[in-house]
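Each value in this text was obtained by applying a stated rule to the coordinates, not by laboratory testing. None of these values were measured; they are calculated from a predicted model. Don't worry about glycine lacking a Cβ; one is built from the backbone with ideal geometry, like all the others, and counts go over all protein chains shown.
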Amino acid sequence: MKQPIVLLLAAVVLLPFVVRPAIASEIWIFAIFGLGLNLLLGYTGLLSFGQSTFFGSAAYVAGWLLKHYGINTLLALGIGIGVGAASAAVVGYLCVQRSGLYFIMLTFALNQLFYFTAYQWTSVTGGEDGMPGVPRPAMLGIDFKDPLIYYAFVSALFLITLFLMKRIVESPLGKILQAIRENEVRAEAVGYNAPRFKLLAFVIGGAFSGLAGVLYAMLFGIVPLEAISFVFSGNVVFATLIGGSGSLYGPVIGSFVFIWLSESMSTVWARWPLLLGVAFVIVVLFLRGGVVEAWHKVSLRFFK
Amino acid sequence: MLLETKEITKSFGALTAVNGVCLAVEAGTLHSIIGPNGAGKTTLFNLLTGTFPPTSGRIIFDQRDITGTPANRIAHLGLARSYQRTTVFPAFSLFDNVWVAAFATGPSWKGLLWKSANTYAEVAGRARQALADVGLIDKSHQLAREISHGEQRQLELAIALAAAPRVLLLDEPAAGLSPEETRRMVALVRSLKGRYTIVLIEHKMDIIMSVSDRISVMHFGSLIAEGTPGEIQKNPDVRRAYLGGVAA
Amino acid sequence: MLYALMGLGLSLITGILNIPNFAHGALFAVGAYLLATVAVAIGNFWIALVVAPIGVALLGLAIEYAGIRRLYAAGHDYQLLFTFGLALILSEAIILIWGPIGYSHLPPDILRGGMDLGFTMYPKYRLFLMVAAGLLVVATWLFLEKTRYGAIMRAGIENKEMVSLLGIDIHKLFTVAFALGAYLAGIAGALTAPIRGLNPGMGVDMLGIAFVVVALGGLGNLLGAIAAGLIIGVAQALVAAYWTEASTVVIYAVMAAILLVRPQGLFGIR
């Protein structure tokens with residue numbers, strides 16, 4: 001399995017020469033976000049449609065502390081992860097009791113709860129205008145103001161999180177979560193407390209989302225309201241599905257596709273979400289299984 | 001007595017599926033439960049495995065009252081079950097199917113999140129043993145959804161074995177099997193006798209009579225007879241219950 | 001009352017088709033915009049009120065036929081993505097056609113101004129809204145309870161296989177159910193246009209509330225959806241009287257609290 005790693009490392013190194021460092025950073029940040037979601041979606045079979053809850057909450061909290069209390073980067077990251085995990089624990093606890101449509105709707109509704117709280121609490125979050133002025137403090141003497149240096153930091157973190165996620169999905173937990181996805185009743189019969197494991201998946205996914213959220217806030221210097229909106233939740237679901245939820249690297253590929261799509265479309269047309277919607281529809285109707293599966297099929301035919 | 005139920009009853013509203021059933025299974029024996037369709041046998045199993053709690057009555061396992069234990073704790077107590085309708089993990093390989101069952105009841109969950117799943121030697125050993133016992137070891141790497149129905153029934157059993165339980169609850173292991181496959185399943189069950197305490201639900205009388213140490217007969221949720229195969233065969237109540245059903 | 005209407009429509013769709021319909025809010029918005037356009041074009045509010053929801057229903061028919069039909073076996077993720085994509089398309093299309101700034105549409109003369117209720121002056125249109133929505137809910141309820149086709153729909157919620165075994169075309173049932181749900185969303189939107197005004201984001205807000213209603217009322221539990229819709233509507237009005245900004249948040253918070261205690265919702269069966 002060495003090949004993907006080599007490809008990824010090459011991508012990490014070469015990317016800032018192909019696109020602006022800020023966009024490159026955004027891609028890896030979104031990939032981290034997607035990895036977190038995929039633990040729930042691909043591995044546990046839980047379609048969590050409210051991941052932006054954890055992403056956005058972490059971004060707001062860390063952003064607030066960074067802006068008003070001048071905490072350092074490391075602490076900001078830690079808090080982001082913590083907030084992401086904690087909010088996921090709360091949401092997860094409420095949601096794992098239900099399954100199927102109920103579950104999806106609940107994650108969405110709770111996302112809305114956080115969204116409207118952020119929308120109304122303008123004194124803290126700035127409401128519709130977002131929370132600008134998030135600094136990017138130096139860490140260990142390294143100044144992150146240079147986009148390229150920040151990119152190196154972000155991509156390094158991405159590689160670390162990818163490694164962590166790889167360990168997790170190859171661990172017994174990974175197998176147990178997949179067993180729950182395959183046959184929850186049997187998984188319970190065999191001795192696993194399914195709701196508790198689902199909650200654990202939530203918390204881990206939330207931690208990853210939280211990390212992505214803080215990095216995002218620091219990247220753009222602002223926490224926009226969109227970061228906690230359901231549209232954002234939908235974007236990461238789309239990215240994960242188009243990359244292929246069945247593999248570890250799916251969300252990474254999906255992140256590339258999505259960010260490339262949205263960045264190229266948004267500069268051309270203010271109404272680009274319409275095209276995004278069309279893209280969603282096309283993927284669903286014609287491209288199920290995502291890019292990874294399509295690639296599998298193609299490579300099977302060519303390399304057999 | 002390793003496993004007992006005392007006056008166990010389960011009602012779903014107006015329907016009483018299991019009515020005051022007393023079961024007593026001695027360690028190391030094979031105790032069968034028979035009865036026409038709808039007699040409540042699978043519901044009784046569901047009670048034993050904690051799928052739902054009884055309306056009244058008690059379940060005693062190894063002198064301990066385990067009534068009301070939830071389904072996901074039952075395996076840890078030492079009871080494992082196979083199902084009448086094949087319910088495995090379709091996208092998993094056969095090995096992973098049994099591995100996941102073996103890990104649950106393994107000695108320790110240390111490293112749950114970070115140790116590679118391949119490094120649990122004891123678990124892998126039990127998993128391989130379970131597959132070997134049912135004769136599927138050569139197909140360990142095939143996916144569960146790709147093997148034949150008969151092999152899936154064997155896998156069904158292997159998942160229960162992988163937990164290294166003390167009691168095996170087998171719900172119609174021969175369901176849907178061809179005569180040849182049934183013969184193999186019977187030989188398999190017989191090979192498990194003595195190593196495990198087995199409670200068996202089956203419809204095929206020849207199997208029941210040839211492997212059982214004791215038989216309980218259920219009808220409309222109640223126990224109507226209990227005894228050795230010989231006694232049951234001669235029992236007039238049993239004969240009457242089976243008129244029109246599967247005859248001995 | 002409005003919430004009951006939206007909840008009923010969504011409950012119908014999710015109950016019968018078993019898909020997450022994220023486009024429900026967008027259908028609401030389309031209804032509102034269609035009403036405004038038709039009313040202005042024809043100059044008659046009442047005709048527009050009849051026509052606009054039918055337009056939405058037709059849109060629903062098209063959606064079900066062209067897309068959703070293919071996705072019944074696909075699993076919730078893809079259904080969600082599809083309806084979500086649809087919602088995006090619709091809301092962006094609204095902006096495209098009608099412009100990004102919301103605008104207000106005045107109610108017809110008869111319904112303008114207030115009515116003296118004895119203890120307070122109450123806006124006539126609001127009364128009309130309540131009555132109209134209430135009548136619609138009752139009418140839909142009667143249709144579902146009393147007519148043969150309504151009974152078939154309710155049976156479809158309970159057990160799809162049985163219904164198809166009974167020889168009823170399950171696909172047609174799904175199409176009609178979706179169209180009906182769309183109609184209800186559309187007319188809810190059309191009725192709202194004069195008071196709340198029109199803005200492209202109205203669909204999203206409504207979607208969340210519709211989901212809350214269905215979650216509390218129980219998926220597919222039509223009576224529950226109506227009841228939950230009423231309860232939430234009243235609750236929000238009460239909260240808005242004291243703490244306007246928090247009224248939306250409170251709805252969700254209350255939902256979370258209820259589900260914590262009763263995971264099956266107020267009226268759910270499980």
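Data for the structure
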{"read-out": "Sequence-distant aspartates and glutamates (8 or more away, or on other chains) whose Cα lies within less than 17 Å of B:K110", "value": "A:E170, B:E122"}
{"read-out": "Where Rh is the Kirkwood radius over Cα pairs, Rg/Rh for the stretch B:88-164", "value": "0.97"}
{"read-out": "Length-normalised contact order of chain B in % [C-alpha pairs under 8 Å, at least 6 apart]", "value": "28 percent"}
{"read-out": "DSSP-loop trypsin sites (Lys or Arg not before Pro) across the stretch B:152-248, with at most 12 other Cβ within 10 angstrom", "value": "B:R195"}
{"read-out": "The stretch A:58-161: trypsin sites (Lys or Arg not before Pro) falling in loop per DSSP and having at most 15 other Cβ within 10 Å", "value": "A:K145"}
{"read-out": "Per-residue average of Cβ from other chains inside 10 Å of C:22-33", "value": "1"}
{"read-out": "For the protein assembly as shown: rounded, prolate or oblate by the Cα gyration tensor [a/c cutoff 1.5]", "value": "oblate"}
{"read-out": "Averaged over A:174-184, number of beta-carbon atoms from partner chains that fall within 10 Å", "value": "5"}
{"read-out": "Percentage, to the nearest whole number, of Cα pairs in the stretch C:170-247 over 18 Å apart", "value": "53 percent"}
{"read-out": "Cα-based Lys proximity count in chain A, under 23 Å, for pairs eight or more positions apart or on separate chains", "value": "8"}
{"read-out": "Measure of compaction for the stretch B:63-118 (Cα Rg per 2.2 N^0.38 Å)", "value": "1.36"}
{"read-out": "Sparse-neighbourhood loop sites, trypsin sites (Lys or Arg not before Pro) in the stretch B:19-113 - DSSP loop, at most 11 other Cβ within 10 angstrom", "value": "B:R85, B:K110"}
{"read-out": "Gyration tensor verdict on chain A (Cα atoms; rounded if a/c is under 1.5, prolate if a/b is larger than b/c, oblate otherwise)", "value": "rounded"}
{"read-out": "Cα-based reach from B:K6 at 18 Å (exclusive), listing aspartates and glutamates while leaving out same-chain residues under 8 positions away", "value": "B:E26, B:D62, B:D65, B:E226"}
{"read-out": "Average other protein chain Cβ within 10 Å of Cβ, residues A:191-201", "value": "3"}
